[in-house]
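Down below is the structure, laid out as structure tokens.
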Amino acid sequence: MKSNLIIVESPAKSQTISKYLGDDFIVASSKGHIRDLKKQGFGRFGVDIEDNFKPMYRTLREKAAVIRELKAAVKKAKKIYLATDPDREGEAISWHLYEVLNLDGRDYERIVFNEITKPAILKALENGR
């Protein structure tokens, strides 16, 4: 049974990484961003200026199927690894995944790697945060 779920940004990465790992891993893709700022609020910029400039997010309609698939995979997984890119955009995608997939209280880690090689992936899995 596949008890570990790794979520990356792109389907190509998920295919490559899945070749490096054993049968207890499933590698899925968010296919990029899953949320964006709403086009409302002050100046239609997606912030609530009356609530300390709190951002107002919306789930991207075109990602509904991806989110359903990821939620189903999360339910089956014992451990979840968020493995989006190690830049600001990747951090944002991981945070949105954490929020939308309700990972609070779940066994999860954020992992990063700078190359898609077996040694880099294995090292990232050993050094999650």
Open item on the list: Please determine whether any residue of the stretch 64-85 is buried (at least 17 other Cβ atoms within 10 Å of the Cβ) and hydroxyl-bearing (S, T, Y).
Closed with: yes
TODO: Output the residue which, of all residues in the stretch 83-100 that are touching a strand residue (DSSP E or B) at 6+ places or on another chain (Cβ under 7 Å) and part of a loop (DSSP other than H, G, I, E, B), is modelled with the lowest pLDDT.
DONE: T84
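For the stretch 46-57, indicate whether the set of residues that are out of contact with any strand residue (DSSP E or B) (no Cβ under 8 Å at 6 or more places or on another chain), under 21 Å from N4 (Cβ atoms) and free of Cβ contacts under 8 Å to residues at least 24 places away in the same chain is non-empty.
no
Please indicate, with yes or no, whether at least one residue in the stretch 100-119 is touching a Pro at 6+ places or on another chain (Cβ under 8 Å) and under 15 Å from F25 (Cβ atoms).
Taking the stretch 100-119 as the starting set, the residues that turn out to be touching a Pro at 6+ places or on another chain (Cβ under 8 Å) are 112-114.
Then drop every residue that is not under 15 Å from F25 (Cβ atoms), which leaves 113.
Checked against the condition, which is being touching a Pro at 6+ places or on another chain (Cβ under 8 Å) and under 15 Å from F25 (Cβ atoms), the stretch 100-119 yields at least one hit.
Pick out the one residue from R110, R106, R35 that is surrounded by 13 or more Cβ atoms within 10 Å (Cβ to Cβ), closer than 15 Å to V8 by Cβ and of a type in the set (K, R). Reasoning before the result, please.
Details: R106 fails: closer than 15 Å to V8 by Cβ; R35 fails: closer than 15 Å to V8 by Cβ.
From the options R110, R106, R35, the qualifying one is R110.
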Open item on the list: So for the stretch 13-29 (the condition being surrounded by 15 or more Cβ atoms within 10 Å (Cβ to Cβ) and touching a Gly at 6+ places or on another chain (Cβ under 8 Å)), does at least one residue qualify?
Closed with: no
Open item on the list: Against the condition among the aliphatic types (A, V, I, L, M) and in contact (Cβ under 8 Å) with a residue 40 or more places away in the chain, how does L60 come out, does it pass?
Closed with: no
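For the stretch 1-82, give me every one of the strands (runs of 3 or more DSSP E) that falls completely inside it and has 2 or more residues that are among the aliphatic types (A, V, I, L, M) and under 16 Å from the mean Cα position of the chain (by Cα). Let's see the steps before the verdict.
Details: elements: 4-8, 25-29, 35-37, 57-59, 79-82.
Filter on the stretch 1-82 gives 4-8, 25-29, 79-82.
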Open item on the list: Suppose we filter the stretch 101-119 for residues that are closer than 20 Å to Y20 by Cα and assigned to a loop (DSSP other than H, G, I, E, B); how many remain?
Closed with: 7
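The values are calculated or read from the model by the stated rules, or taken from the named source; none is laboratory data. Just so we're clear, the structure is a prediction, and the values are computed from it rather than from any experiment. Please note: Cβ atoms are built from the backbone with ideal geometry, for glycine as well, and neighbour counts cover all protein chains shown.
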